[in-house]
Amino acid sequence: MYMDRMFPPFYTDCGKNLHIGKNVFINSGCCFQDQGGITIGDGALIGHNVVMATLNHSEDPETRGNLHPAPIHIGRNVWIGASAIILPGVTIGDGAIVGAGSVVTRDVPENMIVTGVPARILRSVDTL
């Protein structure tokens, strides 16, 4: 069993809106924009250079400077591969796997593997 670990460098804009469970591993180069809140469940593995962004902007050019926060929830025992990007408002269910380089724009059901840009369900973890 691994211990709680975070390898530097690690970047966050606030830090006070991060809620990290037990036995979580965060590899180097990660950037967490946590103003909207980020919760990471027990046993999660976060790969190199993962970005979690909890803020979005208005599409209307007149109000594009307005920020719209939405929390990110990472379930227990989730594995997020290197250089994945998790966008605002996304929930990744327990036991799910996010492939390296994927851009997650929608919720991921528990025990599913998602890959691609945008991330799509590849298969269930149960079929491994």
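Working from label points 7 Å from Cα in the Cα-to-Cβ sense, the residue 11 to residue 83 distance is 1.6 nm.
Taking amide hydrogens as placed 1.01 Å from N in the peptide plane, the amide H of residue 26 sits under 5 Å from those of 5, 6, 7, 46, each at least 5 positions away in sequence or on another chain. With a simple spin-label model that places each label point 7 Å from the Cα along the Cα-to-Cβ direction, the separation between residue 110 and residue 19 comes to 1.7 nm. On the beta carbon distance between residue 94 and residue 64, with R0 = 25 Å, the FRET formula returns roughly 0.10. Once the 1.4 Å probe is applied to the protein heavy atoms, the chain comes out at 54 Å² accessible per residue.
Computed from backbone phi, the HN-Hα couplings of segment 68-75 come to 10, x, 8, x, 10, 10, 10, x Hz, rounded to whole numbers (Karplus: 6.51 cos²θ - 1.76 cosθ + 1.60, θ = phi - 60°; Gly and Pro given as x).
Rolling a 1.4 Å probe across all protein chains gives residue 25 an accessible area of roughly 40 Å². Ranking 32, 14, 95 by how far each Cα lies toward the positive end of the dipole of the chain (charges on Cβ) leaves 95 at the top.
Let me know the charge dipole size of segment 31-128 about its Cα centre in debye, to the nearest 20, where only the beta-carbon of Lys, Arg (+1) and Asp, Glu (-1) is charged.
240 debye
If you run the Gaussian network model on the chain, springs between alpha carbon atoms under 10 Å, then out of 109, 61, 118 the most flexible one is 61.
A Gaussian network model of the chain, with springs between Cα atoms under 10 Å, assigns the largest mean-square fluctuation among 20, 97, 46 to 20. The calculated FRET efficiency for the pair residue 57 and residue 126, based on their C-beta separation and a Förster distance of 35 Å, comes to about 0.35.
The values are calculated or read from the model by the stated rules, or taken from the named source; none is laboratory data. All values reported here derive from a predicted model rather than from experimental measurement. Glycine gets a Cβ as well: all are built from the backbone with ideal geometry, and neighbour counts include every protein chain shown. Each accessible area value is taken on the protein alone, full model and side chains, heavy atoms only, with ligands, DNA and RNA left out. Shrake-Rupley method; radii C 1.70, N 1.55, O 1.52, S 1.80 Å.
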